[in-house]
Amino acid sequence: MSLVVEGLRAAYGESQVLQGVSLTIGAGEVVTLLGRNGMGKTTTVRAVMGLLPGMGGRVTGGRIEWDGVALPGLAPYRIGRMGLGLVPEGRLVFPRLTVEENLTATARAGGRWSLDAVYQFFPRLAERRRNMGSQLSGGEQQMLAIGRALMTNPRLLLLDEATEGLAPLIRAEIWAVLAALKAEGQAILLIDKNLAAVMRLADRHVVVEKGRTVWSGTSEGLAASPELRETYLHL
Ligand SMILES: Nc1ncnc2c1ncn2[C@@H]1O[C@H](COP(=O)(O)OP(=O)(O)OP(=O)(O)O)[C@@H](O)[C@H]1O
Ligand SMILES: [Mg+2]
């Protein structure tokens with residue numbers, strides 16, 4: 001499998017937000033998309049998943065190819081069926097569905113992930129299976145959002161700020177979940193602001209600034225460049 005994003009441009013209405021985002025991810029890789037607030041990380045993920053038209057946006061240039069197939073113009077459900085699974089920013093758990101209904105609503109059978117497998121992986125969700133989405137804690141909602149994406153049996157899992165706003169212990173649980181998924185060979189595109197954690201987990205990093213890829217490289221490369229971290233990440 002491979003996702004290739006090359007020179008991606010995208011706009012909301014008149015406002016050109018992406019002007020040259022490039023990244024690649026192959027089988028079993030964990031790649032992060034880094035950058036300060038408002039730099040275009042979420043927009044990049046929306047563009048890949050076909051979600052921009054539903055949000056008043058559109059791809060205006062560049063390439064997004066999944067195993068050589070151009071994604072722009074395809075509906076989100078088709079992109080999902082092609083093996084891309086998103087854990088969206090803000091989780092977006094269905095509040096009036098039960099945990100189990102959330103998991104099965106968008107599920108696609110055939111692969112490692114069934115209801116039983118997700119419940120085994122997240123025992124807390126099994127305990128809460130009859131509860132409404134709205135009755136869960138933030139951490140449980142995040143687990144549910146990850147479980148829901150896994151239920152589509154994605155070949156590439158995209159996570160947009162999966163540890164945002166969670167207590168430290170719950171964050172640690174999410175990082176452990178992601179490390180376990182990586183160990184199984186799950187390819188992951190990850191957006192997160194916790195640099196120490198992503199540097200431990202990821203194979204490569206892509207830094208975006210004002211809608212443009214300005215750097216990409218390994219954790220060692222990022223560790224070796226305080227200027228890069230100061231200039232583009234304000235750390
Ligand atoms: N639906 C929208 N309509 C218009 N402009 C938008 C929309 N969503 C985002 N933007 C703008 O696009 C730019 C990039 O936003 P985006 O959400 O992609 O950034 P981000 O890197 O994910 O930021 P954050 O770290 O805060 O999540 C910002 O200037 C933002 O205000
Ligand atoms: Mg964002």
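Nothing in this text is a laboratory measurement; each read-out follows from the coordinates by a stated rule. Not measured: the values here are computed from a predicted model. Backbone-built Cβ (ideal geometry, glycine too); neighbour counts: all protein chains shown.
Per 5 Å bin, what is the whole-percent P(r) computed from every C-alpha pair distance within the stretch 91-153?
4, 23, 36, 25, 10, 2
Using a Förster distance of 35 Å, how high is the FRET efficiency between Gln120 and Arg78, based on the Cβ-Cβ distance and rounded to 0.05?
Efficiency, from the Cβ-Cβ distance: 0.70.
In whole angstrom, note down how far apart the Cα centers of the stretch 9-66 and the stretch 77-103 are.
19 Å
Using R₀ = 30 Å, calculate the FRET efficiency as 1/(1 + (r/R₀)^6) where r is the Cβ-Cβ separation of Ser15 and Val214; round to 0.05.
On the way: r = 20 Å, r/R0 = 0.67.
It comes out at approximately 0.90.
Dipole magnitude of the chain about its Cα centre, charges +1 at Lys/Arg Cβ and -1 at Asp/Glu Cβ only, in debye to the nearest 20?
Numbers: 26 positive and 22 negative charges, 92 e Å.
Dipole size: approximately 440 debye.
Quickly rank 78-88, 166-176 as a protection proxy: mean count of other C-beta atoms within 10 Å, highest first.
The densest-packed peptide leads the list: 78-88, 166-176.
Need the full-extension length gain, Thr106 to Ala176, defined as separation in residues times 0.36 nm minus the C-alpha distance. One decimal, nm.
22.7 nm
Compute log10 of I(q)/I(0) for the stretch 20-160 with the Debye formula, placing one identical point scatterer on every Cα and leaving out solvent, at q = 0.12, 0.13, 0.21 Å⁻¹, to two decimals.
-0.51, -0.60, -1.33
Normalised by the number of residues in the chain, what is the relative contact order in percent for Cα pairs under 8 Å and 6+ residues apart? Display every interim value, and only then the final one.
Values: 445 pairs, mean separation 67.2, N = 235.
That works out to 29 percent.
Based on the Cα atoms of the chain, what semi-axes does the equivalent ellipsoid have, where each is the square root of 5 times one gyration tensor eigenvalue, given in whole Å with the largest first?
Numbers: eigenvalues 151, 88, 55 Å².
Whole-Å semi-axes of the equivalent ellipsoid: 28, 21, 17.
Summing Lys, Arg as +1 and Asp, Glu as -1, what charge do residues with Cβ under 10 Å from the Cβ of Val87 carry, Val87 excluded?
Value of the local net charge: -1.
What is the Cα centroid distance between the stretch 117-190 and the stretch 206-225, reported in whole angstrom?
With the stretch 117-190 and the stretch 206-225 each reduced to a Cα centre, they are spaced 26 Å.
Per the helix-only calculation at 222 nm, which mean residue ellipticity applies to the chain, given -39500 (n - 2.57) for every DSSP H run of n ≥ 4 and division by its residues, nearest 500 deg cm²/dmol? Intermediate results must be reported in sequence, preceding the final value.
On the way: 9 runs with 75 residues, N = 235.
The helix contribution divided over the chain gives -8500 deg cm²/dmol.
So, by mean Cβ neighbours within 10 angstrom, what's the order for 213-222, 144-153 with the highest one leading?
Working: 213-222: 16.2, 144-153: 23.0.
In descending order of packing, they fall as 144-153, 213-222.
About its Cα centre, how strong a charge dipole does the stretch 84-148 have in debye, to the nearest 20, once Lys and Arg get +1 and Asp and Glu get -1 at the Cβ?
Computed about the Cα centre, the dipole is about 40 debye.
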